[in-house]
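These notes are about the structure you will find just below.
Every number here is computed from the coordinates shown, using simple stated rules; none is lab data. On a predicted model such as this, the values are computed, not experimentally measured, just so you know. Counting neighbours? That spans all protein chains shown, and the Cβs are built from the backbone with ideal geometry, glycine included.
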Amino acid sequence: MGGMPSAPNFRLMRYSPMLEQYFGMKSRYPEALLLSRVGDFYEAYGSDAESLAKWLSIALTSKEAGSGQRIAMAGVPHHALDTYMAKLVAQRRVVALAEQLEVPVPNKLVRREVVRVVTPGTVVEEQLLERGTNNYLCALAMVGDSLGLASTDLSTGYVAATAFSGETAIDDAIAELARLSPSEIIADVSPLVRDALERVLAVGEEARITSSTLAAVNGRVRPAIDGFDSEEATAIHRALDAISAFVRRVGFSDESSLRQPVFYAQRAFLALDPRSRVHLELTRALGQNPKATLLASIDRTKTAMGSRMLARWILAPLVERQPIERRADAVQALKDDHTRRQALGEVLDGCFDLERIAQKVRLRRALPRDLASLRRTLALLDPIRDALAEPTLPANLHACAEAIADFDALAADLVGTLVAEPPASLADGGVIRPESDPELADVVSLRTDARSRIAALEERERERTGIRSLRVKYASAFGYAIEISKSNLDAVPDDYVRRQTLTSGERFVTPELRELDLAIQNAQTRQREREAELFEALASRVAERSSDLLRAADALAEIDATCSLAQVAAERGYVRPRFIDESRLAIGDGRHPVMEAILGTQFVPNDLRLETRESRFIVLTGPNMGGKSTYLRQAALLVILAQIGSFVPARSMELGIVERIFTRIGAGDDLASGQSTFYVEMLETSNILRRATRRSLLLIDEVGRGTGTVDGLAIAQAISEYLLEGGESAPMVLFATHFHELVALAERWPFVKNFHITAVENTKDGAPIFSHRVLPGSSSRSFGIEVARMAGLPPTVVARAKEIADALEERPTLETQRPLRGRLGKPQVSEQPLLFDV
Ligand code: ADP
Ligand code: MG
């Protein structure tokens, strides 16, 4: 590769016109790798060729560059572009595609221009997208102390925006970005914020971060946005502008591709910090099994749009009772009505991805088969509306039915215009019904008549010349010709014009045959052109209804997601959670939804009670593999399910709305992240201390025995004490540990309760087996010794181990014995004498 010249920064030589053209385009899209269509290939030159060869593991060659020099070149065949683009998109590359804008003629430079820039956040090609996942492009803009955040999924046209300000703005914005998990972020922010972005987002999925190239748009009137102050509104508009500009730059019209933005406040959703979302494996698994996520365990949707909707619900549980109850009402109605659920399921199964089809129509990218899919889906809307028409059904289902407009005229149009099974592309014709258009009918009949008119001519010429073996044949080089064998050449009439000599004879044309040939060719071209016009017109008529179609798509998605929750609830015996006003969480026989889906009835249900006075802070002890982490995550997952409007895997569940879930998972379990782990943990911890409220659920899981354990434990305990001092306004806490120092917290604080998980002796071979049952009290300190005894260590060794353990127990290890009063230097609340009763 070394000797190959790259695109030089300064050049002494002149390039050939084609390379001049290439580097001219390249200078307008410096951020992208430029692939330019040359005949049957997409080619890159210079340093782009080197990158392309490396990224795709393809051959790097070279090309005459003009003035006797050579330049690096790499290329891919045009028919394999999709495959290669998929690889580039997976690597989060940015690729500009230049097309030939005219039919090439020899010795003349073809006009080429970049028609599309494919970036990770603006992919709309369905073969490059996951069907059940939204692909977000986000923009972050800073105005004063406010951060505006806009997001869009260009494949559906959905746009949403929010803003953050105050001390926690950056954390909040990052948490929101982590929730959306965009594949690309346009960052119009200070270097400081950008650093924070890069550091924190690296913990989860990697997104491409692009600096905004926009100058601030000045002087435009900015409409106010409800719920946001003027600085926040300005930041939101800046972020939306950045999205629009970016969308235009990559080759789409922003007006037709982006829907009206939905403005929302982040506090409308249950807050989860980025790492908690990762650890709870809501939509992405950490381990080997990709199906081990909350989403996968409850996703019975029939359509891709339903699946995306369910994922959005899971990533944004609600914090207001009324909308939650409304969703639960709908789930309940469909859970209780097996027949209706079944019927809806069958119809939904036949529906295509209406949302992405409607968007393709808006983007002017719809192909014949997209409209055929649309036609099939429209035919299914009536049965869906009918199934939800009953007045006794809950409001949400009615609303969905009402959101599906009447598309009868459009459906009839599609039926009347499009053939029953259109081919994949418009190139060969045969997409539009000829009877739908007189002009098309003419040209098609001309074309289909061709054979018989040619046959008639052939017959006539045979008679005229008396040559029985005369044939009219199609030769790709020059069209239709009359073929005469050698022995009959004498009988050829004067008006025949010789075109070609074959070994067996000669080929001739006649003026009449030329005319017929031309007419057929014309008919072919005109058919293609006319069909393209008619298809374009049909697509425009569909586009006129695109907002209605998108609304219907949303309704279908909601019905699908609701049916899915109802189906799972019915199959797995989930119950409807009961919401109460106070901050309390009571679960009877709760099960872990993901583990239960895998283990079935082997899963051991457990109760959980987190209340104001008696038990607000649970310390859970027990040996490794006992089920502590499972129990903690289960609590969070059940709260999340309850607050998306789902039923829950339990015998009963009562909860006051939870506004935040925090998790603090010890580093031992956190193999995914690298050295910055501790720093990130501390960021999270300070976040917890600043924000934990009465309406928060905090999970602390001290796993492993790594070197950091003592630090981790000390910090965790300090956090606990700090939180406990909040008294009634303290968050609900579940604290899992296999160290016993924390058990003493219960002696000091009345609402700290100890629970434990035990092992029982296996009667067969004496090996310990876990009951996975959570029981009151702390576990036996000598569990390890117990296991040693079961494993057959000599009794003297076991006895000595006991002695040592007892001695260690005498020694106060951590600071639980120190009075807490005044340590934090803030006045203590006196209504809580119990708390400080040392
Ligand atoms: P710990 O955190 O105490 O080390 P885990 O929660 O990681 O334990 O659980 C260890 C294993 O025990 C799990 O992978 C699962 O197979 C099993 N397990 C945990 N809880 C239960 C339960 N309630 N019922 C059945 N099996 C369970
Ligand atoms: Mg664990």
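Mind checking the alpha-carbon convex hull of region 350-483 and giving the volume per residue in Å³?
Per-residue hull volume (Cα only) is 155 Å³.
Just order 298-310, 651-663 by mean Cβ neighbour count inside 10 Å, highest at the front, would you?
The packing order, highest mean first, is 298-310, 651-663.
Of all DSSP beta bridges in the chain, what percent run antiparallel (nearest 5)?
Just about 60 percent of them are antiparallel.
Return the calculated 222 nm mean residue ellipticity for the chain, to the nearest 500 deg cm²/dmol, obtained by summing -39500 (n - 2.57) across DSSP H runs with n ≥ 4 and dividing by the residue count.
-13000 deg cm²/dmol
Roughly how many whole Å is it from the C-alpha centroid of region 58-130 to that of region 545-613?
47
Using square roots of five times the C-alpha gyration tensor eigenvalues, list the equivalent-ellipsoid semi-axes of region 235-365 in whole Å, biggest first.
In descending order, the three semi-axes are 29, 23, 17 Å.
Once amide H atoms are placed 1.01 Å from N in the peptide plane, what residues at a sequence separation of 5 or more from T663, or on another chain, have their amide H within under 5 Å of its amide H?
D273, S276, L699
How long are the semi-axes of the equivalent ellipsoid of region 546-653, taking √(5λ) for every eigenvalue λ of the Cα gyration tensor, in whole Å from largest down?
31, 18, 12
How about region 261-331: which chymotrypsin sites (Phe, Trp or Tyr not before Pro) there are in a DSSP loop, with at most 16 other Cβ atoms within 10 Å of their Cβ?
Of the chymotrypsin sites (Phe, Trp or Tyr not before Pro), the ones in loops of region 261-331 whose Cβ has at most 16 other Cβ atoms within 10 Å are Y264.
Using alpha carbons only, how many degrees (0 to 90, rounded to 10) separate the axis of helix 321-336 from the longest principal axis of the chain?
70
Could you derive backbone 3J(HN,Hα) for region 461-475 from the dihedral phi with the Karplus parameters 6.51, -1.76 and 1.60 (θ = phi - 60°), listing whole Hz in sequence and x where the residue is Gly or Pro?
5, 4, 5, 5, 8, x, 8, 5, 8, 4, 10, 9, 10, 9, 10
Which of rounded, prolate, oblate describes region 304-372, given a ≥ b ≥ c as roots of the alpha-carbon gyration tensor eigenvalues and a/c under 1.5 marking rounded, otherwise prolate only if a/b is larger than b/c?
Judged from the Cα gyration tensor, region 304-372 comes out oblate (a/c at least 1.5, b/c at or above a/b).
Taking the simple approach of a point 7 Å from Cα along Cα-to-Cβ for both E582 and M625, what is their distance in nm?
For E582 paired with M625, the spin-label model returns 4.1 nm.
Report the far tail of the P(r) of region 137-185, meaning the percent of Cα-Cα pairs longer than 15 Å.
Percent of Cα pairs beyond 15 Å in region 137-185: 40.
From the square roots a ≥ b ≥ c of the eigenvalues of the alpha-carbon gyration tensor of region 29-107, which class results: rounded (a/c under 1.5), prolate (a/b over b/c), or oblate?
oblate
What is the Cα centroid distance between region 258-297 and region 428-450, reported in whole angstrom?
About 52 Å separates the Cα centre of region 258-297 from the one of region 428-450.
Working out 0.36 nm times the residue gap between R14 and E231, then minus their Cα-Cα distance, what length gain in nm do you get to one decimal?
73.0 nm
Show me 516-528, 561-573 ranked by packing, highest mean number of other Cβ atoms within 10 Å first.
Ranking, from highest mean packing down: 561-573, 516-528.
Using only Cα atoms, tell me the angle between helix 511-544 and the longest principal axis of the chain; keep it within 0 to 90° and round to the nearest 10.
For 511-544 against the chain, the angle is about 30 degrees.
Could I have the simple spin-label model distance between V497 and S729, label points 7 Å from Cα toward Cβ, reported in nm to one decimal?
9.8
Compute and list, largest first, the equivalent-ellipsoid semi-axes of region 272-338 from the alpha carbon gyration tensor, each √(5λ) rounded to a whole angstrom.
24, 17, 10
Taking all pairs of different Cα atoms in region 1-155, averaging 1/r and flipping that mean, what Kirkwood radius in angstroms comes out?
Final number for the Kirkwood radius of region 1-155 is 17.1 Å.
Classify the chain from the C-alpha gyration tensor, please: rounded if a/c falls under 1.5, else prolate or oblate depending on whether a/b exceeds b/c.
Judged from the Cα gyration tensor, the chain comes out prolate (a/c at least 1.5, a/b above b/c).
How high is the relative contact order of the chain, in percent, with contacts defined as C-alpha pairs under 8 Å that are six or more residues apart?
Dividing the mean separation by the residue count of the chain yields 9 percent.
Taking the highest mean first, how do the peptides 435-443, 289-297, 349-357 order by number of other beta carbon atoms within 10 angstrom per residue?
For the peptides 435-443, 289-297, 349-357, the packing ranking is 349-357, 289-297, 435-443.
Considering the dipole of the chain built from charges on the beta carbon (Lys and Arg +1, Asp and Glu -1) around the Cα centre, which of L516, A409, L549 is farthest to its positive end?
About the Cα centre, the residue reaching furthest to the positive side is L516.
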